[in-house]
Amino acid sequence: MAEMKLTVSEIKELMDKMAADRLTEVSVKVEGFELSLKAEQAQVVYEQAATGAPVVAPQPVVESTKEEPSGNVVKSPLVGTFYAGSAPDKPAFAPVGTVVHKGDTLFIIESMKLMNEIKSEFDGTVTKVLVENGEGVEYGQPILIIE
């Protein structure tokens with residue numbers, strides 16, 4: 001009997017690739033092992049009339065007129081839900097004005113029921129938090145600015 005083992009980091013990598021490729025669902029089944037991942041965002045799929053093969057509708061291109069934030073931008077390393085603190089009744093790890101050092105916890109991203117503490121890669125002061133507590137975030141989305 002074949003045995004399949006995946007680490008948490010391998011599953012997170014798969015989730016990141018799903019988000020980058022805008023896939024909404026992936027299922028893996030191997031003799032007694034089953035993994036199913038589903039994204040929250042829907043993707044429009046049409047069937048070709050002649051072949052019946054699915055054709056993914058192109059995603060609309062949205063041009064942003066926003067300025068790129070200056071300073072050290074901390075981005076989400078995975079798709080999930082942003083939490084500023086360890087619990088709703090606890091203070092935020094790094095609100096605006098907080099001096100942080102490399103390795104300090106900045107926020108949490110919940111993904112697939114796992115709470116992932118995101119650590120600072122920079123020394124400096126938090127000048128902007130770009131996401132609301134409890135808001136969904138995408139892979140690579142700017143979360144906060146450290147200057």
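Computed values, structure above
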{"quantity": "Hey, Leu78 surrounded by 13 or more Cβ atoms within 10 Å (Cβ to Cβ) and in a loop (DSSP other than H, G, I, E, B) or not", "calculated": "yes"}
{"quantity": "Options Glu3, Glu63; residue that is modelled with pLDDT under 65, farther than 23 Å from Gln141 by Cα and either among the acidic types (Asp, Glu) or not in a helix (DSSP H, G or I) (or both)", "calculated": "Glu3"}
{"quantity": "Which numbered condition His101 fails, given (1) modelled with pLDDT of 95 or more; (2) open to solvent by less than 20 Å² (accessible area, probe 1.4 Å)", "calculated": "(2)"}
{"quantity": "The one condition in (1) modelled with pLDDT of 95 or more; (2) among the aromatic types (Phe, Trp, Tyr); (3) not in a strand (DSSP E or B) that Phe122 fails to fulfil", "calculated": "(1)"}
{"quantity": "Positions within the range 80-96 being among the hydroxyl-bearing types (Ser, Thr, Tyr) and more than 18 Å from the chain's Cα centre (by Cα), in sequence order", "calculated": "none"}
{"quantity": "Within the range 113-133, tally of residues that are under 16 Å from the mean Cα position of the chain (by Cα) and open to solvent by less than 40 Å² (accessible area, probe 1.4 Å)", "calculated": "3"}
{"quantity": "Contacts under 8 angstrom Cβ, first residue in the range 86-112 being closer than 9 Å to Val126 by Cα, partner part of a loop (DSSP other than H, G, I, E, B), 6 or more apart", "calculated": "Ala94/Ala84; Ala94/Asp104; Ala94/Ser120; Pro95/Ala84; Val100/Ala94; Val100/Ser120; Val100/Phe122; Val100/Asp123"}
{"quantity": "Residues of the range 8-26 satisfying the condition of being open to solvent by 70 Å² or more (accessible area, probe 1.4 Å) and at pLDDT 75 or above", "calculated": "Glu10, Glu13, Lys17, Glu25"}
{"quantity": "Failed item in (1) open to solvent by 30 Å² or more (accessible area, probe 1.4 Å); (2) over 18 Å from Glu13 (Cα atoms); (3) not in a strand (DSSP E or B), with Tyr139 passing the rest", "calculated": "(2)"}
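The values are calculated or read from the model by the stated rules, or taken from the named source; none is laboratory data. Bear in mind the structure is a predicted one, so any value in this text is a computation, not a measurement. All Cβ positions, glycine included, derive from the backbone under ideal geometry; neighbour counts span all protein chains shown. Accessible surface is based on the protein model in full, side chains and every heavy atom, while ligands, DNA and RNA are left aside. Shrake-Rupley method; radii C 1.70, N 1.55, O 1.52, S 1.80 Å.
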